Each structure stands twice: as structure tokens, then as C-alpha cells.
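To start, the structure under review is shown below, and the notes come after it.
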Amino acid sequence: MARFDRQLFWPTLVPPTPEQVAANDQMRAGWKASVNDGNWGLQSEIALEEARRMYDAEQERRKGADTKAGVYLAAVTALIPVLVSLLPTLWSDKSNKALGALSLAVFALAVAYVLRAGYSAFCVLRVSNAHMVGAGDISRCWSTQQPAASLAKSIAIKVIENYPGNNAKVSYIKLAHDYLLRAFFVFTVLLAVQALWPCATWVVEEIFKLMAPEVRRPLMMCFS
């Protein structure tokens with residue numbers, strides 16, 4: 001027997017278990033220890049270049065998620081008045097009640113998807129911690145015997161510390177994207193229902209007419 005997939009109907013982000021959180025923290029701590037204990041003085045310029053490249057890539061990933069979230073949030077804000085204006089066309093005294101009820105149910109699901117997409121995009125834009133190399137880090141690096149290697153290590157550690165926040169942003173923007181795709185699909189279903197309902201009603205009525213038993217009327221003789 002097929003099981004109902006809740007994530008397919010209403011996707012959510014599953015929070016990590018305490019064991020997974022501890023494992024991730026331990027993994028990042030191991031990365032930091034490896035960076036701090038590594039000998040980066042042999043080719044410090046190459047190490048500094050690679051550290052900057054990784055830092056720039058993480059910054060671009062963060063900015064890309066924020067940019068998409070802003071676009072999605074603006075689209076949701078613009079869609080809400082349009083959706084509200086559609087309500088009178090879905091239910092009226094002259095419309096078919098079954099069609100109106102089905103259209104309202106599909107419309108409510110589509111609106112729920114749009115609102116959930118907006119909330120997911122808002123979660124991306126919420127204030128979060130961002131770790132970056134500051135003046136104090138640079139001053140500390142230049143007080144060592146190998147300033148370039150020390151700076152490369154500081155940048156690499158900041159990259160590691162930015163992983164959780166950036167991963168959360170990317171996860172939420174993917175969630176917003178999934179909800180917008182579902183909203184588009186449901187709106188397509190709504191348009192199909194509105195367009196095909198009259199034809200389907202006519203076909204059903206014709207089928208019932210053909211399946212109805214033929215009523216024979218007895219002949220009556222008239223005498224004059």
C-alpha cells in the first residue's frame with residue numbers, strides 16, 4: 001500500500017537531532033584544529049590566494065541566496081492583491097456550487113503555497129551572524145613571523161564558521177523555490193478546472209442520457 005508523502009505535499013526543513021548537531025560541531029572543530037596546526041609557511045602566498053578564493057565563494061553563495069530571497073519576497077508581495085481580486089470570480093450565486101467549492105479549495109492551497117514561499121524567503125533575509133576578517137585579525141597576523149600564512153589561516157577559519165549560516169540560507173531559498181513551483185502547478189490545475197468543467201459537465205450529462213432506460217409509452221387508440 002502506497003504511503004502518503006508529506007514532504008511532497010508540504011515540504012519542510014527537518015531540524016537536526018542533538019547527535020547530528022554535536023557531530024557537525026565536532027567536525028568543524030576538527031577542521032579548525034587542522035587549519036591551526038597546519039604548516040602553511042612553505043607556500044604562504046598560494047595558501048592565502050586559495051583562502052581568499054574560498055571566502056569569496058562563500059560570500060557569493062550568501063549574496064546569491066539573499067538576492068533570490070528578495071526577488072521571491074517581492075513577487076509574493078505583488079501576487080497577494082492579484083489573488084484577492086480573483087475571489088469574486090471563483091464563487092458567486094450564479095456559478096455552479098460544486099465548481100465553486102472545488103475552485104476555492106484549489107485556490108486556498110495555492111495561496112498557502114505562496115504565503116509559505118514568502119515566509120521561507122523572509123527567513124533567508126533575517127539577520128544572521130557573518131564571520132569576517134577584521135582589523136584585529138590582520139593586526140594579530142602581522143605580529144607573527146609568517147603574516148601571510150597566519151592571515152590565510154584566519155580567513156580559512158572564518159570560512160568554516162560561515163558554513164552553518166550560509167547552509168541555512170541556501171536551504172530556506174530552496175524551500176521557497178519548492179513552494180513557488182507547487183503554487184504554479186496548483187494555479188495551473190485551477191485554470192484547467194475552470195476551463196474544462198463546462199465540457200466535463202456536458203459529457204457527464206450526455207452519458208447519463210445515453211445510459212438512462214428508454215421509456216416506452218403505450219399507444220392509445222382514439223375512437224370517433
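Nothing in this text is a laboratory measurement; each read-out follows from the coordinates by a stated rule. Here the structure is a predicted model, which means the values were calculated and not measured. Methodologically, a virtual Cβ is constructed for each residue, glycine included, from the backbone with ideal geometry; neighbour enumeration extends over all protein chains shown.
So which of K68/K174; K32/K169; K63/K174 end up more than 19 Å apart by C-alpha? Before the final figure, lay out each step's value.
Working: K68/K174 10 Å; K32/K169 22 Å; K63/K174 14 Å.
Pairs exceeding the cut-off: K32/K169.
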Practice item. At 7 Å along the Cα-to-beta-carbon direction for both D66 and A112, put a label point, then send me their distance in nm to one decimal. Key: 3.4 nm
Exercise for review: Starting from the coordinates of the alpha-carbon atoms of the chain, obtain the Kirkwood hydrodynamic radius over all distinct pairs and give the value in Å to one decimal.
Suggested key: 23.2 Å
Review point. What full-extension length gain, to one decimal in nm, is calculated for V84 and L13 as 0.36 nm per residue of separation minus the Cα-Cα distance?
Key: 22.7 nm
**Study point:** Residue-averaged 222 nm ellipticity for the chain, from DSSP H runs of 4+ at -39500 (n - 2.57), nearest 500
**Key:** -27500 deg cm²/dmol
Exercise for review: Starting from the eigenvalues of the Cα gyration tensor, five times each then square-rooted, give me the equivalent ellipsoid semi-axes of the range 30-113, largest first, whole Å.
Suggested key: 58, 14, 7
Study note, to complete from the structure: Taking Cα atoms only, Rg over Rh for the range 84-163 with Rh from the Kirkwood formula is 1.56
**Study point:** Relative contact order of the range 22-211, pairs being alpha-carbon contacts under 8 Å that are 6 or more residues apart, as %
**Key:** 36 percent
Study note, to complete from the structure: Any helix of the chain counts here only if DSSP assigns it H throughout, its Cα atoms span 15 Å or more along the axis, and its mean Kyte-Doolittle hydropathy is at least 1.6, and such helices are 97-125
Check your understanding: Order of 108-118, 181-191 by packing, highest average Cβ count within 10 Å first?
Key -> 108-118, 181-191
